[in-house]
Structures are given as C-alpha cells and as structure tokens.
Amino acid sequence: MKTTPTCVTVVLIAGLALATAAQAQSAKDIQSALDAAYTKYRDLQEGTNADYIPALAKVDPDLYGIALVTRDGTVYTAGDAASRVSIQSISKVFTLAKVIEEQGPDVIANTIGVDATGMRFNSIVSIEFSQKALGGPEMNSLVNPGAIATTAMLQGATRDEIWNSLLAFYSDFAGRPLSVDQDVFRSESDTNQRNQAIGYLMYAYGYIREEPLRATDIYTEQCSVAVNARDLAIMAGTLANGGTNPVTKKAVMSAGNVPEVLAVMATAGLYDDSGKWLYRTGLPGKSGVGGGVIAVSPGRFGIAVVSPPLDEAGNSVRAQKAIADISAALGGNPLAAASR
C-alpha cells in the first residue's frame with residue numbers, strides 16, 4: 001500500500017534541508033572571509049623579519065598563509081598554509097597547557113603568576129620587580145622569564161623524557177607528528193645568552209628549582225618546532241573545542257583546564273600590544289617572532305596566520321589584520337556575544 005509522508009516527516013525533511021543549506025552557507029561565508037583577508041593584505045609591505053635570531057632573518061617575507069578550523073574539524077585555508085616556520089613563542093601556550101594538565105592550574109597562579117608584567121617579553125627588570133618581598137609573583141608564562149620557568153616545571157626524570165613528552169603533546173594538538181627545525185635550533189642556541197642569563201636569575205630567585213641551563217635549552221628547542229598555518233589553526237582549534245582535537249577527535253587536555261590557558265593568552269598573548277589586540281578582537285591569541293599568530297574563538301573556531309614581517313612589538317603585521325577582519329566577518333568576538 002502506498003503511503004504518503006506525514007506532516008512530521010515533511011517537517012523533519014524540511015528542517016534537515018534547511019540545516020544543510022545553513023551549514024553550506026556557513027562554509028561559504030568562512031571561505032569567503034579567508035579569501036577576502038588574504039587578497040586584501042597579500043601585497044602589504046609593512047614590518048620586517050626578526051633578525052636577532054639569524055635564521056629568522058632568512059625566512060621568505062612574502063610567505064603568507066591563513067587557516068581556520070571549526071569545531072567539527074573542517075579546515076579552511078587561503079594562501080600558503082603548508083610552508084613551515086618555527087613556532088617560537090606560540091609554543092609557550094602549549095607548554096603552559098601541559099604543566100596545568102600535569103599539576104593543575106593553581107601551580108601556575110601560585111608560583112609563576114598570571115598577571116601581565118607590563119614590560120618587554122624578555123625583560124630582566126620584570127624579574128626583579130616580581131620578588132615576593134615586593135608583592136610578587138608578578139610574572140607570566142607567556143613572557144620569556146615565566147616561560148623558561150614554566151618549562152622547568154615539566155615533569156620527567158631526564159631531559160629526553162621531558163622533551164619527548166612535550167613534543168608528543170604539541171603533536172597531539174597539531175594532529176600530526178611535529179619536528180624541530182634544526183637550523184633554527186642551532187641559530188637560537190648560538191645567540192640565546194640573554195635567555196641563559198634569565199634562566200639563571202629565575203633559578204637564583206627560586207622560580208626554577210634545578211638545572212636552569214637545561215630548562216633554557218628545552219625552551220629554546222620548543223621554540224624551534226616547525227609548523228605551518230594549518231598546524232597552528234588545528235592547535236588553536238583544539239583549544240576552541242575544549243581540549244579535544246577537532247580533526248583527530250583525540251582528547252588532548254581536560255576541558256576544565258582550557259579556560260585558564262585562554263585567560264593567560266588574553267592578558268599577555270601579543271607581547272606589549274596584548275591589550276590593544278584584545279580591545280580590537282576580544283580573542284585570546286598568541287604570536288611568535290617566526291611570523292605566526294593564533295587566535296581562539298571559544299566554542300567556534302581556531303585560526304592561524306603565518307606571515308614573517310613583524311611590527312615593533314614583535315607581532316606579525318599581516319596576521320593581526322587578517323585575523324581581525326576574518327573574526328569580524330564571522331562574529332568571532334566572544335566579548336560581543338551578549339550584544340548579538
């Protein structure tokens with residue numbers, strides 16, 4: 001006997017069609033936003049490569065790639081999203097995440113601190129001002145002194161054990177095995193005397209309990225991990241997805257520990273211009289002097305741009321502009337949610 005669809009069936013089918021159309025429209029909107037930002041800033045001639053690390057000065061300044069990853073694991077790209085650069089200070093976010101996973105969020109707040117220092121990312125004066133006698137700790141895991149001390153807190157019996165565990169953690173965030181750019185690592189190791197001094201000073205004041213040179217060396221190696229825009233976007237997308245990699249579906253960190261990581265990114269992720277960045281975008285972000293910038297729209301997407309020329313604060317010029325435009329086009333600012 002021939003049957004006719006019920007009203008409920010018709011409604012369900014219509015609803016599914018509308019949802020599919022909305023999803024397709026959303027995908028089109030996302031790709032259009034990326035393409036527009038790529039085209040708008042492709043020929044921008046502002047900023048210069050970092051040159052205090054010789055290997056970074058040699059990176060192609062025209063390299064420009066954008067990637068965005070949604071919570072369902074869809075990856076959108078524009079430009080060169082495959083060429084690799086060194087992760088540099090973006091690594092600080094994921095080392096911080098690992099320490100929080102291993103020891104809980106209170107250990108960072110109580111030992112390193114989470115306030116922005118208000119000083120340059122490699123400031124030695126900030127270490128002096130952070131002493132408990134002066135009301136410290138006034139430090140932060142996303143500036144060099146706090147980052148080296150955070151690296152020193154990683155658990156493991158030997159350097160190799162610590163490093164292999166850290167690199168595996170990074171790789172789980174990226175969804176593929178990552179490796180170190182050995183040329184960058186050698187170049188940084190040959191020129192990191194200031195960071196060695198910072199490590200010793202953090203040791204002298206009790207922030208690092210043992211082997212400050214080992215902590216500095218691991219920190220230098222973590223900054224030399226090679227990534228592309230796609231890798232970085234998936235890493236950011238994992239934070240946006242509550243600690244579960246949206247592409248591989250692997251739970252990389254506890255959802256309950258993600259907000260603390262995002263909070264530190266919001267307060268200190270873009271060096272001296274962190275406040276300006278948050279004011280413009282509302283997005284927790286992190287930059288690296290290799291030219292990468294990541295940003296997280298919690299519950300929505302992770303986005304990354306790679307473009308080596310930096311502004312005076314050490315942040316990629318193209319990346320900041322492109323991410324701000326894309327987020328604005330997609331309504332990514334979490335601080336604006338109440339007004340929508």
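The values are calculated or read from the model by the stated rules, or taken from the named source; none is laboratory data. In this text the structure is predicted, and so the values were computed from the model without any measurement. No Cβ is skipped: glycine too gets one built from the backbone with ideal geometry, and neighbour counts run over all protein chains shown.
Restricting the search to the range 249-268, which residues are free of Cβ contacts under 8 Å to residues at least 60 places away in the same chain and not hydrophobic (A, V, I, L, M, F, W, C)?
If the condition is that a residue be free of Cβ contacts under 8 Å to residues at least 60 places away in the same chain and not hydrophobic (A, V, I, L, M, F, W, C), then G256, P259 are the ones that fit.
Looking at D183, D273, D217, which one is surrounded by fewer than 18 Cβ atoms within 10 Å (Cβ to Cβ) and over 13 Å from the mean Cα position of the chain (by Cα)?
It is D183.
Looking at A266, A255, A215, which is the one that is out of contact with any helix residue (DSSP H, G or I) (no Cβ under 9 Å at 6 or more places or on another chain) and aliphatic (A, V, I, L, M)?
Result: A255 is the single residue among A266, A255, A215 that is out of contact with any helix residue (DSSP H, G or I) (no Cβ under 9 Å at 6 or more places or on another chain) and aliphatic (A, V, I, L, M).
Among the residues of the range 26-51, count how many are within 22 Å of the chain's Cα centre (by Cα), of a type outside the set (D, E, K, R) and surrounded by fewer than 17 Cβ atoms within 10 Å (Cβ to Cβ).
Qualifying residue count, the range 26-51: 2.
Select from the range 286-320 the residues that are surrounded by 19 or more Cβ atoms within 10 Å (Cβ to Cβ) and either over 15 Å from the mean Cα position of the chain (by Cα) or among the charged types (D, E, K, R) (or both) and list them in ascending order.
If the condition is that a residue be surrounded by 19 or more Cβ atoms within 10 Å (Cβ to Cβ) and either over 15 Å from the mean Cα position of the chain (by Cα) or among the charged types (D, E, K, R) (or both), then K286, R300, P308, P309, L310, V317, R318 are the ones that fit.
Scan the range 321-336 and tell me whether some residue there is buried (at least 20 other Cβ atoms within 10 Å of the Cβ), closer than 17 Å to I90 by Cα, out of contact with any Asp or Glu (no Cβ under 8 Å at 6 or more places or on another chain) and not aromatic (F, W, Y).
Taking every residue of the range 321-336 in turn, at least one turns out to be buried (at least 20 other Cβ atoms within 10 Å of the Cβ), closer than 17 Å to I90 by Cα, out of contact with any Asp or Glu (no Cβ under 8 Å at 6 or more places or on another chain) and not aromatic (F, W, Y).
Condition (residue is part of a helix (DSSP H, G or I) and of a type in the set (G, A, S)) applied to the range 214-228: is it met by at least one residue?
Yes, the range 214-228 contains a residue that is part of a helix (DSSP H, G or I) and of a type in the set (G, A, S).
Restricting the search to the range 260-275, which residues are outside any loop (DSSP other than H, G, I, E, B) and more than 15 Å from M235 (Cα to Cα)?
Hits for the range 260-275 are E260, A263, V264, A266, T267, A268, Y271, D272, D273, S274, G275.
What is the number of the single condition among (1) closer than 26 Å to N110 by Cβ; (2) part of a helix (DSSP H, G or I) that Y207 does not meet?
Unmet condition: (2).
For the range 276-321, how many residues meet the condition of being closer than 19 Å to Q31 by Cα, part of a helix (DSSP H, G or I) and aliphatic (A, V, I, L, M)?
Qualifying residue count for the region: 1.
Looking at M235, M202, which is the one that is modelled with pLDDT under 95, part of a helix (DSSP H, G or I) and buried (at least 24 other Cβ atoms within 10 Å of the Cβ)?
M202
Would you point out the residue of the range 78-104, among those that are more than 17 Å from the chain's Cα centre (by Cα) and assigned to a strand (DSSP E or B), that is farthest from D43 (Cα to Cα)?
Looking at residues that are more than 17 Å from the chain's Cα centre (by Cα) and assigned to a strand (DSSP E or B), I get A78.
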